[in-house]
Ligand code: RTP
Ligand code: MG
């Protein structure tokens, strides 16, 4: 076990906000012992999403993903804790809600929308570098 106090960006995507799951997601984050440092409700535009998802530009799911992320408000959270970057991704579960493990956010609440894999409720930064970049983008 290592000690590494980190911060990560969690987004509750438009499907999570629309389905009133923001509180449940925050409850799980807090139950795990992580701390909420900042939170805001955002209507993201294409500019911020293009920066956020720059690594996926050109992939087949990029356009539907950026469109979906503009379909309603998103809750952005700055979350702190020991190894929270990896820890939140474990809480979230794997990308595809159909195969995400029960007990995870995506496994418990994610629905199979056919091709719309983008509707998987949450985003969590995947590395220290991504977290710094994404936190600068969503919180100035
Ligand atoms: P996230 O970035 O949202 O935390 O999710 P992730 O790391 O598990 O997934 P990533 O590979 O970074 O993909 C970003 C988001 O794009 C959508 N996606 N759709 N095959 C598909 O249709 C597909 N693959 C990915 C998902 O919304 C995913 O969370
Ligand atoms: Mg990712």
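Derivation of every value follows stated rules applied to the coordinates shown; laboratory data play no part. Not measured: the values here are computed from a predicted model. Don't worry about glycine lacking a Cβ; one is built from the backbone with ideal geometry, like all the others, and counts go over all protein chains shown.
I'd like the residue in the stretch 106-132 that is touching a residue at least 24 places away in the same chain (Cβ under 8 Å) and more than 10 Å from ligand 1 (Cβ to nearest atom) and, out of all such residues, is surrounded by the fewest Cβ atoms within 10 Å (Cβ to Cβ).
By that ranking, first place goes to 127.
Under the condition of being on the phi > 0 side of the Ramachandran plot, more than 15 Å from ligand 2 (Cβ to nearest atom) and in contact (Cβ under 8 Å) with a residue 12 or more places away in the chain, which residue from the stretch 81-105 is surrounded by the fewest Cβ atoms within 10 Å (Cβ to Cβ)? I'd like the intermediate steps shown before the answer.
Of all residues in the stretch 81-105, those on the phi > 0 side of the Ramachandran plot come to 81, 83, 93, 103.
If we keep only those that are more than 15 Å from ligand 2 (Cβ to nearest atom) as well, we get 81, 83, 103.
Now narrow it down to the ones that are in contact (Cβ under 8 Å) with a residue 12 or more places away in the chain: 81, 83.
Values: 81: 20, 83: 16.
Step by step, filter the stretch 81-105, then rank; the result is 83.
Just to be sure, is residue 16 within 23 Å of residue 136 (Cα to Cα) and either part of a strand (DSSP E or B) or in contact with a helix residue (DSSP H, G or I) (Cβ under 7 Å, 6 or more places away or on another chain) (or both)?
When the stated conditions are applied, residue 16 passes them.
Can you find even one residue in the stretch 39-49 that is surrounded by fewer than 20 Cβ atoms within 10 Å (Cβ to Cβ), out of contact with any strand residue (DSSP E or B) (no Cβ under 7 Å at 6 or more places or on another chain) and under 21 Å from residue 128 (Cα atoms)?
yes
Is there a residue in the stretch 27-36 that is part of a helix (DSSP H, G or I), touching a helix residue (DSSP H, G or I) at 6+ places or on another chain (Cβ under 7 Å) and within 16 Å of ligand 2 (Cβ to nearest atom)?
no
State the number of residues belonging to the stretch 105-130 that are out of contact with any helix residue (DSSP H, G or I) (no Cβ under 6 Å at 6 or more places or on another chain), part of a loop (DSSP other than H, G, I, E, B) and closer than 19 Å to residue 20 by Cβ.
3
Could you say whether any residue in the stretch 68-76 is more than 9 Å from ligand 1 (Cβ to nearest atom), under 30 Å from residue 2 (Cβ atoms) and either in contact (Cβ under 8 Å) with a residue 12 or more places away in the chain or crowded, with 19+ Cβ neighbours inside 10 Å (or both)?
Yes, the stretch 68-76 contains a residue that is more than 9 Å from ligand 1 (Cβ to nearest atom), under 30 Å from residue 2 (Cβ atoms) and either in contact (Cβ under 8 Å) with a residue 12 or more places away in the chain or crowded, with 19+ Cβ neighbours inside 10 Å (or both).
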